[in-house]
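Q: Sharing a structure here in structure tokens format.
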């Protein structure tokens, strides 16, 4: 993977806008690993099976959150109501494999996410570790 634009790191800090929690175009699913579903279930005080039935849809072999009108069901007034239990996909934003090429980063990510360029500096090594956590790579 080319990392020329992020070899010196990237500054990012969530600004709490909730923009990344609402579907836009083809970016609409919050995929969940088994570990994610277990974390959610524990946080909500239910079994993994109960959580999965109540809050997930399974398609093409992947679980993803159900969501009203393209928004995450756990988003309330631009705030995540399950922040401590949020899935890997949310924990690793904006460091997703599909975002980490210069063209996508500059044309889409930086214009979409107000947290880019703010906050602490994520090193190239930290970014690589976050990329490995992508649920679709597990």
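The values are calculated or read from the model by the stated rules, or taken from the named source; none is laboratory data. Quantities reported herein were computed from a predicted structural model and do not represent experimental measurements. Backbone-built Cβ (ideal geometry, glycine too); neighbour counts: all protein chains shown.
Q: Can you list residue pairs whose Cβ atoms sit under 7 Å apart, with the first residue in the range 73-87 being more than 16 Å from residue 42 (Cβ to Cβ) and the second being surrounded by 17 or more Cβ atoms within 10 Å (Cβ to Cβ)? Count only pairs 6 or more apart in sequence or on different chains.
A: 73/55; 73/65; 73/67; 75/21; 80/21; 80/74; 80/86
Q: Filter the range 29-39 down to residues that are outside any strand (DSSP E or B) and either touching a strand residue (DSSP E or B) at 6+ places or on another chain (Cβ under 9 Å) or crowded, with 18+ Cβ neighbours inside 10 Å (or both) and give me whichever is modelled with the lowest pLDDT.
A: Among residues in the range 29-39 that are outside any strand (DSSP E or B) and either touching a strand residue (DSSP E or B) at 6+ places or on another chain (Cβ under 9 Å) or crowded, with 18+ Cβ neighbours inside 10 Å (or both), the one modelled with the lowest pLDDT is 29.
Q: For residues that are over 14 Å from the mean Cα position of the chain (by Cα) and either under 19 Å from residue 131 (Cβ atoms) or modelled with pLDDT under 85 (or both), tally how many sit in the range 13-25.
A: Here the count works out to 1.
Q: Of all residues in the range 76-105, how many are assigned to a helix (DSSP H, G or I), within 16 Å of residue 37 (Cα to Cα) and touching a helix residue (DSSP H, G or I) at 6+ places or on another chain (Cβ under 6 Å)?
A: Residues flagged as assigned to a helix (DSSP H, G or I), within 16 Å of residue 37 (Cα to Cα) and touching a helix residue (DSSP H, G or I) at 6+ places or on another chain (Cβ under 6 Å) within the range 76-105 amount to 3.
Q: Let me ask something else about it. Looking at residue 42, is it surrounded by fewer than 16 Cβ atoms within 10 Å (Cβ to Cβ), more than 18 Å from the chain's Cα centre (by Cα) and either over 15 Å from residue 81 (Cα atoms) or in contact (Cβ under 8 Å) with a residue 40 or more places away in the chain (or both)?
A: So residue 42 passes the test.
Q: Also: What are the pairs with Cβ atoms under 7 angstrom where one residue, in the range 110-138, is on the phi < 0 side of the Ramachandran plot and at pLDDT below 95 and the other, located anywhere, is in a helix (DSSP H, G or I) and crowded, with 17+ Cβ neighbours inside 10 Å? Sequence gap at least six, or different chains.
A: Taking only residues 6 or more apart or on different chains, the pairs are 113/20; 133/88; 135/88; 135/89.
Q: Could you please find all residues in the range 106-117 being buried (at least 18 other Cβ atoms within 10 Å of the Cβ) and in a helix (DSSP H, G or I)?
A: Selection gives 109 alone.
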